[in-house]
Amino acid sequence: MSLIRNVGTIGGLTAVSRVFGFARDMILARVLGAGLAADAFQLAFTLPNTFRRLFAEGAFSVAFVPLYSRALHGHDGQPGSEDAAEKFADDVLAVFVWVLIAFSALAMLAMPAIVWLLASEFEKIPGKFELAVTLSRVTFPYLALISLVAMLSGLLNARSRFAPGAAAPILLNVSLICAMGIAWQANRGDDLYAAWSLAVGVSAAGLLQLLYLIWETRRAGVRLKLSLPKLTPEVKRLGALILPATFGAGIYQISQLVDTFFATSLPQGSLTLLKLADRLNQMPLGIVGIALGTAILPMLSRHIHTGNRAEAQRLQTNAFEIATLLTLPAAAALAVCAPAFVTAFFVGGKFRPEDGVIMAQIVVALVAGLPAYVIVKILNPGFFAREDTRTPVWTALASLIFNVFLNFYVVRQYGIVGLAAATASSASLNCLLLYVILHRRGWFHFSAKLAGRIGRQIVATAMMGAALMLLMPALLPYFGGSVLNRIWSLTALVGTGMAVFFVTAYLVGAIDPDLLATLRRRSAKRDERDDDILEVQ
């Protein structure tokens, strides 16, 4: 029940953020297209964003939350306390701030070398390399700001207050939409001016998110104090966990950097098309994967610290079932409907139809790994909750090496589409390795009941995919038409897919009856509360 409620909170707010992010990229595609300025901004945004996911939301969060939760709730029969948790957070903040300032300053000084390592091919196009370096320096302060946001979010998550951390990314997308609006009004059609405005908007968004999380922590009764840095045993323990977790939790982000390196060697616009295609892939990944991973970690930590292995197994099984129930149809729908979504949402302005054709192919390749991306978010907490951040390092390393070697072959043969397919393949390998290790250690096993449920989900997904393939040709002329035609045709497509999937899923038993009963009880309790309120009024 708590898992469903927390995933609903995080997923709902993440969905709002993804919708704003989707709107942001739709506007960006029309304003910048897939050219020089667009590629330069995408690289400038990729750098702090990748480090954010890798360190702040990846390694730091998975190491900080279990330790903070242990200080707050206790461990091995030892009671926790507010004072112990507050002291631990203050000590971490005192060290973390200086590390962030030093890292950001060094990165900004070394930015020409960093950009050259990732995109040396930019030097072949006059002005492109210099613009990428300048924009990257403007956006990089976002990393320090958002890393502090991640710490405050982790602190609130450990207290089962998931909403503020999930809502904060909305401010980033709103900030970038406003930046493009300002650029359009001030200097309509100037790509360089728009790219500059976007870069400034990124750093401004980091400041807005930090101020919002500071306000939320104060509302929660937590008042952190910035003191002189001290390497206490707890801070050293956190540092020891962060180092391997940086790699283990960040395979997807490291793969993104690898993909950026290869994409910049391809024809101009390839990097932009890859990033825009990934936006479609990120919609279900963010809503389902991040929500489940964020919700499960503190809950799993509590069960493991209290020695309740049965509840830990049940929690992971429920998370796995929810993940596949939502991601299998999402992946199939995105693969079948990629041309429709790309044409309806992105083609227009400076974004040409031929760009849309390539982008749709990239989407199909990326979503082949969507279930694996999400399941990794569920399997990793099984290690992190036990303070084992080393094992995921080895699985991530194996997957990354596989990805790099595969890229050398597929990029030459299939270009940017092959690059996306290699990323999906490496994520699938990482998922398989993580599960095998969890199973062999007795920390999580794939039951026959869960396998049967997923088999039924696949049947429902296949029925949905067949219905969408039959409907697509009839609606094809409308996806690139007027705004009204785009809206009703997509609504018909999505509505049909959802109806076929959930009706079939219900009929074949793909949805757990216990889950449905839980949701019905929750709805009934909500109705009773509403009736009580009406009676009082």
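The values are calculated or read from the model by the stated rules, or taken from the named source; none is laboratory data. All of these numbers come straight from a predicted model, not from anything done at the bench. Neighbour counts run over all protein chains shown; Cβ positions are idealised from the backbone, glycine included. For the accessible areas, the whole protein counts, side chains as well, though only heavy atoms, and no ligand, DNA or RNA atoms are used. Shrake-Rupley method; radii C 1.70, N 1.55, O 1.52, S 1.80 Å.
For the pair residue 408 and residue 121 in one chain, pulling the backbone fully straight at 0.36 nm per residue adds 101.7 nm over the alpha carbon distance.
Partner lysines whose Cα lies under 22 Å from the Cα of residue 377, excluding those fewer than 8 positions away in the same chain, are identified as 275, 449.
Rolling a 1.4 Å probe across the protein heavy atoms gives region 102-165 an accessible surface of 38 Å² per residue.
Taking only protein heavy atoms and a 1.4 Å probe, the accessible area of region 372-504 is 73% carbon and sulfur. Starting from the Cα gyration tensor of region 419-510, take the square roots of the eigenvalues, sort them a ≥ b ≥ c, and report rounded, prolate or oblate (rounded when a/c is under 1.5, otherwise prolate if a/b is larger than b/c, else oblate). It comes out oblate by the Cα gyration axes.
Net charge of the neighbourhood of residue 334, taken over other residues with C-beta under 13 Å away and scored Lys/Arg +1, Asp/Glu -1, is 0. Share of carbon and sulfur in the accessible area of region 116-175 stands at 65%, probe radius 1.4 Å.
Extension gain for residue 23 to residue 448 (0.36 nm times residue separation, less C-alpha to C-alpha distance): 148.8 nm. Taking all protein chains together, 203, 489 sort by accessible area into 203, 489, largest first [probe 1.4 Å]. Taking a straight Cα-Cα cut-off under 24 Å and skipping sequence neighbours fewer than 8 places away in the same chain, the lysines within cross-link reach of residue 230 are 87.
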